[in-house]
Amino acid sequence: MGKTTKDNLKLKKDFLTCQHSYQDIKIQLQGCYRGSQGSPRRCSIFLQDLLGRDNNREGYNIVVLLQFLFVSASTKSIDPICHYVTYTAFCVKTLSAYPPAVSATTTFQAAQAALSLSKSYAEKSAGFAAKAAKENPNLKKQFAGCQDAFVTIIENLKNASRDLKESPDASNYEANICTDSTAIVKDLVRKNGDMASRTILNMTLMMEKFIDIAVGATMALGG
């Protein structure tokens, strides 16, 4: 029997006999998640192969248990954020798909990740508005106004992230006022019928969901 096979059998035996604490399992699963480049499926496949899913029923049962614990561990830090969000399912799905959030070991780390993700979407929206302003001369002024509004959101979310630890209340205010900017964008493009305007409007509605997550992140820390 080769060394690799012996090592795998030993690992299998350890999984079946050792009594790990929940925290220990959580750390192992988070490490597996990070090592699989943010893919829970890759992680579970690795565990299934290691424990011999096809040839060992006990091994398969432990895989199922580990997958359940993985989901629980991966959402533990984001649950306090999504608790305050209007669209809870959207919040959980979005943050669970974002490696910095799902690998966070504290609510503060998850909140920072949530603010960063929201800022990234604002940057994407500002970039699209800037492109639309260049490509649509007749609506250049309106689209430039949209870009400015998204840039304001970016700055507000940067400030919210900066103040999150020392002043959650200030962070909460900075996240909340982002909706002032989305209102400006909607006023600028709501009546337009062109494709770019409709896209910006849809992005703005999505931006409001991300702002809701950002606000929930500040509230989870007492903001």
Legend entry - Residue that is surrounded by the fewest Cβ atoms within 10 Å (Cβ to Cβ) [pool: residues in segment 83-111 that are part of a helix (DSSP H, G or I), of a type in the set (S, T, N, Q) and in contact (Cβ under 8 Å) with a residue 60 or more places away in the chain]: Thr107
Inset, instruction - For segment 116-223, please list each of the helices (runs of 4 or more DSSP H) lying entirely inside it that holds at least 3 residues being closer than 28 Å to Ala101 by Cα, among the aliphatic types (A, V, I, L, M) and touching a residue at least 60 places away in the same chain (Cβ under 8 Å). - result: 195-220
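No lab work stands behind these numbers, since they all come straight from the coordinates. Source: prediction; values computed, not measured. With ideal geometry, Cβ positions are generated from the backbone for all residues, glycine too; neighbour counts draw on all protein chains shown.
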